[in-house]
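Peer 1: Attaching a single structure in structure tokens format; questions to follow.
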Amino acid sequence: MKFYSDILGLVGNTPLVKINRLANQHGIKAQIFAKMENLNPGFSVKDRIGISMIEAAEKDGSLKPGGTIVEATSGNTGIGLAIAAAVKGYKCVFVLTEKASMEKSRYLKSLGSDVVICPAAAKPGTPDHYVEMAKRIAQETPNSFYPDQYNHPANPLAHYRTTGPELWRDTDGRITHFVSSIGTGGTISGTSRYLKEQNPKIKIIGADPYGSIFKTYKESGCVPEATPYLVEGIGQNLPVGNADMKIIDEIINVTDRESFELARQLSRVEGIFCGGSTGTNFAAALKVAKELDEDALVVFIVCDTGEHYLTKFHSDEWMKEKLLLEPQRITAGLITGTKTASAPPELIFVAPDEIVSNALARMSEHSVTQIPVLEDHKSIGSLRESGVLTRLLEKRDLLDAKVSEIMDESFPVLDVDASFNDIKKKLQKSPAVLIEDFKRITGIITRSDVLDLQKN
Ligand SMILES: Cc1ncc(COP(=O)(O)O)c(C=O)c1O
């Protein structure tokens, strides 16, 4: 028989996968490889430290049978700990911030853990901050163990013992550049220490979101004010014990837009379905690789799976809401299907035989200055405030007339699949376009609906 004695045997020994089409598209001569940490049993790089921190704590006696593990996590470390805790029979409580995706917190609950959510905006050191909350819960819970991934030596040690040697072995010692984001710093610090011991010339590149402190902190020693960003699990607003700044040669800042776009491209073009921090890493890897020749071999970490972010940046609707959606992905159906409370999703219209005063009342009730006239779900005309008011000034009796007697021409009609460019073209000539799905008018797009999206 061939089998693993438990799921923990599957942690680590993840493969390298060559990046082909995207490297070509970006004109890269160097070889770029993805280290597929998303293939760990908990689908992230953090499975490695879950088991290593637990085993270290069992050894030094800080974790005893029947104990409860309490940790502050963006989700993945919790998953790694929860898998090991399930196998070994410990209880878990994890403290996340609201920024962590719903998928990760549900996943933790499915693994049997309790989950506490803290406000994302809480400042470090304040009682509501997720790290302070985790410390407090640990203090109040009998027989508890607080791993503190930000400072526990078993975090970088796991990568020194496993991730580093795997990269050295699987590249036959030919790796020239290693690219990793920095959350706790465990991955980059531990892996890089091993790699530099084998070959001090290997360059270590940190990938850091704009808004995080690491780049400025490394380059100047000063800690700048952090600003919010959307990528999960990486970057910090304060220096971290496990993030060894000295071992990193260069830190590259990456925007949310680049991170998400490249993570989405890795899925579509290479079939590598990954999270946002992987996009951050890949963006930094491309920037480094652009300057390198054929002899260079760049490896970046695929930190976790895209499945953790199906309701976030892997959703076109979410990307649109954050004004990050690639323009070529914006369709008429997506715009009408994701209208917000300020622009109601249901289509407001009038029938041709309604009385003009009723139609005007409906326009005023919904604060719209134009309204389509529909009959049997087809567009036969429109009422536009300026035109109607001019006519009413001339002839007040028209208030009691039928809409069909005074209506203007119909707004242009586009199919739900029409592209952003087609919509913009029509809106240059008309204040609104109507959207048709299966021969029925289902929505309207006005100039103000596309103004925000124009920022893309
Ligand atoms: C999605 C994701 N990417 C990257 C990282 C960074 O790894 P490390 O903490 O080893 O720096 C984390 C850490 O939690 C993470 O959750």
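The values are calculated or read from the model by the stated rules, or taken from the named source; none is laboratory data. This structure is a prediction, so every number in the text was calculated from the model and none was measured. Glycine also receives a Cβ, built like all others from the backbone with ideal geometry; neighbour counts cover every protein chain displayed.
Peer 1: Quick one: in the stretch 217-235, of everything that is among the charged types (D, E, K, R) and exposed (fewer than 15 other Cβ atoms within 10 Å of the Cβ), which residue is farthest from the ligand (Cβ to nearest atom)? Before the answer, list the steps.
Peer 2: The first filter runs over the stretch 217-235 and keeps only residues among the charged types (D, E, K, R), leaving 218-219, 225, 232.
From the residues that got through so far, the ones that are exposed (fewer than 15 other Cβ atoms within 10 Å of the Cβ) too are 219, 225.
Details: 219: 19, 225: 21 Å.
Filtering the stretch 217-235 for residues that are among the charged types (D, E, K, R) and exposed (fewer than 15 other Cβ atoms within 10 Å of the Cβ), the one farthest from the ligand (Cβ to nearest atom) comes out as 225.
Peer 1: Further, regarding this structure: Tally the residues that are more than 13 Å from the ligand (Cβ to nearest atom) and under 14 Å from residue 239 (Cα atoms), restricting the search to the stretch 198-213.
Peer 2: Qualifying residue count for the region: 2.
Peer 1: Restricting attention to the stretch 295-338, which residues are surrounded by 16 or more Cβ atoms within 10 Å (Cβ to Cβ), assigned to a loop (DSSP other than H, G, I, E, B) and within 16 Å of the ligand (Cβ to nearest atom)?
Peer 2: 303, 312, 313, 314, listed by residue number.
Peer 1: State yes or no: is residue 91 surrounded by fewer than 22 Cβ atoms within 10 Å (Cβ to Cβ), of a type in the set (Lys, Arg) and within 25 Å of residue 236 (Cβ to Cβ)?
Peer 2: On the way: surrounded by fewer than 22 Cβ atoms within 10 Å (Cβ to Cβ): yes; of a type in the set (Lys, Arg): yes; within 25 Å of residue 236 (Cβ to Cβ): no.
When the stated conditions are applied, residue 91 does not pass them.
Peer 1: Sticking with this one: So residue 32 clears everything in (1) crowded, with 22+ Cβ neighbours inside 10 Å; (2) over 25 Å from the mean Cα position of the chain (by Cα); (3) within 24 Å of residue 166 (Cβ to Cβ) except one condition, right? Which one?
Peer 2: (2)
Peer 1: Ok, one more. Which numbered condition in (1) within 15 Å of the ligand (Cβ to nearest atom); (2) over 20 Å from the mean Cα position of the chain (by Cα); (3) part of a loop (DSSP other than H, G, I, E, B) is the only one that residue 99 fails?
Peer 2: Looking at each condition in turn, residue 99 falls short on (2).
Peer 1: If I go through the stretch 68-89 residue by residue, how many of them are outside any loop (DSSP other than H, G, I, E, B), out of contact with any Cys (no Cβ under 6 Å at 6 or more places or on another chain) and more than 15 Å from the ligand (Cβ to nearest atom)?
Peer 2: Going through the stretch 68-89 one residue at a time, the tally reaches 6.
Peer 1: In the stretch 13-29, which residues are buried (at least 20 other Cβ atoms within 10 Å of the Cβ) and under 20 Å from residue 160 (Cβ atoms)?
Peer 2: 14
Peer 1: From the list 164, 125, exactly one residue is free of Cβ contacts under 8 Å to residues at least 12 places away in the same chain and touching a helix residue (DSSP H, G or I) at 6+ places or on another chain (Cβ under 7 Å). Which is it? Spell out how you get there, then give the answer.
Peer 2: Values: 164 fails: free of Cβ contacts under 8 Å to residues at least 12 places away in the same chain.
Unique residue meeting the criteria: 125.
Peer 1: Please enumerate the residues belonging to the stretch 168-197 that are surrounded by fewer than 24 Cβ atoms within 10 Å (Cβ to Cβ) and within 16 Å of the ligand (Cβ to nearest atom).
Peer 2: Matches in the stretch 168-197: 193, 194.
Peer 1: Counting just the residues of the stretch 242-256 that are in contact (Cβ under 8 Å) with a residue 12 or more places away in the chain and out of contact with any strand residue (DSSP E or B) (no Cβ under 8 Å at 6 or more places or on another chain), which one comes out farthest from the ligand (Cβ to nearest atom)? First the steps, then the outcome.
Peer 2: Filtering the stretch 242-256 for residues in contact (Cβ under 8 Å) with a residue 12 or more places away in the chain gives 242-245, 247-256.
Going one step further and asking which of them are out of contact with any strand residue (DSSP E or B) (no Cβ under 8 Å at 6 or more places or on another chain), we end up with 242-245.
On the way: 242: 7, 243: 7, 244: 11, 245: 13 Å.
Filtering first and then ranking leaves 245.
Peer 1: Considering only the stretch 47-55, I want to know if a residue exists there that is surrounded by fewer than 24 Cβ atoms within 10 Å (Cβ to Cβ) and over 19 Å from residue 188 (Cα atoms).
Peer 2: Yes, the stretch 47-55 contains at least one residue that is surrounded by fewer than 24 Cβ atoms within 10 Å (Cβ to Cβ) and over 19 Å from residue 188 (Cα atoms).
Every residue, every condition in (1) crowded, with 17+ Cβ neighbours inside 10 Å; (2) touching a Lys or Arg at 6+ places or on another chain (Cβ under 7 Å); (3) over 15 Å from residue 384 (Cα atoms), yes or no:
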| position | (1), (2), (3) |
| --- | --- |
| 420 | yes, no, yes |
| 425 | no, no, yes |
| 429 | no, no, no |
| 433 | yes, yes, no |
| 440 | no, no, yes |
| 448 | no, no, yes |
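Peer 1: Please verify whether the stretch 414-431 includes one or more residues that are touching a Phe, Trp or Tyr at 6+ places or on another chain (Cβ under 6 Å), within 30 Å of residue 319 (Cβ to Cβ) and at pLDDT below 95. First the steps, then the outcome.
Peer 2: In the first step, residues of the stretch 414-431 are kept if they are touching a Phe, Trp or Tyr at 6+ places or on another chain (Cβ under 6 Å); the result is 430.
Still in the running and within 30 Å of residue 319 (Cβ to Cβ): 430.
Narrowing further to those that are at pLDDT below 95: 430.
Within the stretch 414-431, one or more residues are touching a Phe, Trp or Tyr at 6+ places or on another chain (Cβ under 6 Å), within 30 Å of residue 319 (Cβ to Cβ) and at pLDDT below 95.
Peer 1: Counting only residues that are of a type in the set (Lys, Arg) and part of a strand (DSSP E or B), which one in the stretch 15-67 is farthest from the ligand (Cβ to nearest atom)? Steps first, please.
Peer 2: Filtering the stretch 15-67 for residues of a type in the set (Lys, Arg) gives 18, 21, 29, 35, 46, 48, 59, 64.
Then keep just the ones that are part of a strand (DSSP E or B); that gives 18, 35.
Values: 18: 21, 35: 12 Å.
It comes out as 18.
Peer 1: If the requirement is being in contact with a helix residue (DSSP H, G or I) (Cβ under 6 Å, 6 or more places away or on another chain) and either more than 16 Å from the ligand (Cβ to nearest atom) or assigned by TED's automatic domain parsing to the domain that holds residue 184 (or both), which of these qualifies: 262, 238?
Peer 2: Numbers: 238 fails: in contact with a helix residue (DSSP H, G or I) (Cβ under 6 Å, 6 or more places away or on another chain).
Unique residue meeting the criteria: 262.
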